[in-house]
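One structure below.
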Amino acid sequence: MPVAPPFPRLPSLNALRAFEAAARLGGFALAAEELQVTPGAVAAQIKSLEEDIGAALFVRHARGVGLTALGKRALPGFVAAFDSLGLAVTALRREAAPRRVHIAALPALAELWLAPKLPAIRTRLPEVDVSITAMEVPPNLKRVPFDLCLFYAGSGAADGAALVQDEMLPVCAPEVARSLTRPEDLLNAVCLTDTAWAGDWQTWADGAFPGLEFAPRGPVFSLYSLAVQEALSGAGVLMAHRSLVAGHLASGALVAPFSVSVPLPEPISLWSLPGGRGDETVDRLAAELRLLAREEMRTPD
């Protein structure tokens, strides 16, 4: 009879992914956040992998986990393998839908900077389908199939190209501005704050009237577009990013009651995969967004 020896089974791909993420990020909780599962699920996958290979990959202790010598030696190979897998998936999606460009963007930038430019993009590039996913943190383009990232980011952004050097300044409806004659009047005004940029008020105050501690008084919003809408409704004064309210300033729906503005520490940046994808559709869309950004900067408020 023919002999059919047992075929060696590869470990679970999910278990290997859990090991790579936990080893690269330095913990189960961080890996769980990246993989969008629970820390318990990551721990279970890694335990299954350790049982499968018959060796420990992590040392568990009260303060967390650390890699064993075997885990340290194995990590670089798995990082490279999952990077390659992510790039292969991106290439597959690109070949399957060559007209589609998928942008990952900060929610405020997606709603208030990018969305108003989409009609112009459709006119200039009618053959391109633009998909947008809003997220708070830039994704790892080696792992997830996005084509472009649009975030406030500095020199650390891979292949980053600064589109706009933005600035912060108070804005409000014209009727609210009539009660504001000097920056100190904000101490008694209703101030609208976005949770992600709550420190902007003090940063601006340091430039407007140095040495004065300023604690904004008023409602706080977790969605920047809601804060903008409240400012338009006359609910108070918003510490704005100029690029996100440029249209409202141009129309007069919002006004800047004071002349002082403070540069933001990081520009609005657009970048693609490190090294470039060599994709003409993505390159054309990126070029149009840069052109639209330059045109907007030349337009007075």
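Summary table below
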read-out: Protein accessible area in the range 135-200, 1.4 Å probe - carbon and sulfur %; value: 51
read-out: Cα gyration tensor shape for the range 197-301, rounded if a/c is under 1.5, else prolate or oblate; value: prolate
read-out: Mean-position separation - Cα centroids, the range 208-248 and the range 56-72, in angstrom; value: 46
read-out: Highest-first arrangement of 35-41, 61-67, where packing means the average Cβ count within 10 Å; value: 35-41, 61-67
read-out: Candidates A55, A23, A81: whichever shows maximal mean-square fluctuation once the chain is modelled as a Gaussian network with Cα springs under 10 Å; value: A55
read-out: Gaussian network model of the chain, Cα within-10 Å springs - most flexible of A256, A173, A56; value: A56
read-out: Neighbourhood net charge (13 Å Cβ-Cβ; Lys/Arg +1, Asp/Glu -1) for V42; value: 0
read-out: Dmax and Rg, reported as Rg then Dmax, of the range 50-162 (C-alpha, Å); value: 19.5, 60
read-out: Gaussian network model of the chain, springs between alpha carbon atoms under 10 Å - residue of V255, V164, V59 with greatest fluctuation; value: V59
read-out: Cut-off 14 Å between beta-carbons: net charge of the residues surrounding A189, Lys and Arg +1, Asp and Glu -1; value: -1
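The values are calculated or read from the model by the stated rules, or taken from the named source; none is laboratory data. The model shown is predicted, which means the values in this text are computed figures rather than measured ones. Methodologically, a virtual Cβ is constructed for each residue, glycine included, from the backbone with ideal geometry; neighbour enumeration extends over all protein chains shown. With ligands, DNA and RNA removed, areas are computed over all heavy atoms of the protein, side chains included. Shrake-Rupley method; radii C 1.70, N 1.55, O 1.52, S 1.80 Å.
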